[in-house]
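Quick note: the coordinates plus some simple rules give every number you see, no bench work behind them. Predicted, not measured: the structure shown is a model, and the values here were computed from it. Here the Cβ is made from the backbone with ideal geometry for all residues, glycine too, and neighbour counts use every protein chain on show.
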Amino acid sequence: MKFFILAALIAIASANSGYPAPSYPAPGYPAPAYKPESYPPQPYSFAWEVNDAPSYNNYAHSESSDGKVTTGSYRVALPDGRTQIVTYKADSYGYVADVKYEGQAKYPEYKPAASYPAPAYKAPSYPAPAYPAPAYKAPAKY
């Protein structure tokens, strides 16, 4: 019994003295040899609109910028019948949005879906096999 305890202690002691985990330095990359080009802000303006009646998509967006201050608005037709209009301004102080809604929300009264009786299917019937049933000889007795 003492031998087994001694062997177990030696096994535990040898298990803790393994090799240390490898350590690798973090990859270092040199600084770029060029200076990224800096461009002055450019003024721009755009507008677009989507009105597709079959898919109920009706929205628009317009935006303009003088290079320092960006202003714009977008409009979305909501499923409840209202139109959401967001007017915004973004400059060095942050982004400020004004959200408005036009129209009244319409919630149709709930009507349960039409239900139909479940179809009743008969169990399938198959024709009798056209080949004879297999006949096996009894094994020889020992």
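Quick notes on this structure:
- Relative contact order (%) - the stretch 29-110, alpha-carbon pairs under 8 angstrom, separation at least six: 18 percent
- Within the stretch 1-94, chymotrypsin sites (Phe, Trp or Tyr not before Pro) in DSSP loop having at most 13 other beta-carbon neighbours inside 10 Å: Tyr34, Tyr56, Tyr93
- The alpha-carbon of Lys111 sits under 20 angstrom from the alpha-carbons of these aspartates and glutamates, leaving out residues fewer than 8 places away in its chain: Asp80.
- Within the set [x] 1.45; [y] 1.04; [z] 0.95, the number that Rg/Rh (Cα atoms, Kirkwood Rh) takes when calculated for this structure is listed as [x].
- Per-residue Cβ neighbour rank within 10 angstrom, fewest leading, Lys106, Lys100: Lys106, Lys100
- Considering only Gly81, Pro41, Ala60, the residue lying farthest towards the positive end of the dipole of the stretch 41-103 is Pro41, judged by Cα position with unit charges set on Cβ.
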